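The structure appears below as structure tokens.
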Amino acid sequence: MEENTLLTNALGYLGKGLSVIPIGKDKKPFLERWLMYQNRLPTEQEIKQWWTQWPDANIGIVTGKLSGITVVDIERGGKTEDARAVHPRKRRN
């Protein structure tokens, strides 16, 4: 059986404490109910099930407190200085 690199990487991200979900090329989640993964990590079994069902799914990382990742979306021409003042960059080990 051929190794699914996306599955392997999704499990690797889970091992680093990141909440991952399957997404399409359009960046939309394949899961109808994915908001729960803002508050809990998926299990290895869930991830294996998802990538069995959708073997070509891209990996989405659910941002927020659980994963320790904040995303600030600045529109083209927006001021980046304001974003830095609100949320100074922190490095994660």
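The values are calculated or read from the model by the stated rules, or taken from the named source; none is laboratory data. Nothing here was measured: the structure is a model prediction, and the numbers come from that model. Reconstructed Cβ throughout: ideal geometry from the backbone, glycine too, with neighbour counts over all protein chains shown. Quick note on the areas: whole protein, heavy atoms, side chains included, nothing else; ligands and nucleic acids left out. Shrake-Rupley method; radii C 1.70, N 1.55, O 1.52, S 1.80 Å.
Rounded if a/c is under 1.5, else prolate if a/b is larger than b/c, else oblate: which is region 1-47, with a ≥ b ≥ c the root eigenvalues of its Cα gyration tensor? Judged from the Cα gyration tensor, region 1-47 comes out oblate (a/c at least 1.5, b/c at or above a/b). Across region 26-31, computed HN-Hα scalar couplings (Karplus, 6.51 cos²θ - 1.76 cosθ + 1.60, θ = phi - 60°) run 7, 6, 8, x, 6, 7 Hz from first to last residue, x flagging Gly and Pro. With every protein chain in place and a 1.4 angstrom probe, the accessible-area ranking of Arg40, Arg76, largest first, reads Arg76, Arg40. Local charge for Gly12 was computed over the other residues whose Cβ lies under 14 Å away, with Lys and Arg +1 and Asp and Glu -1, and equals 0.
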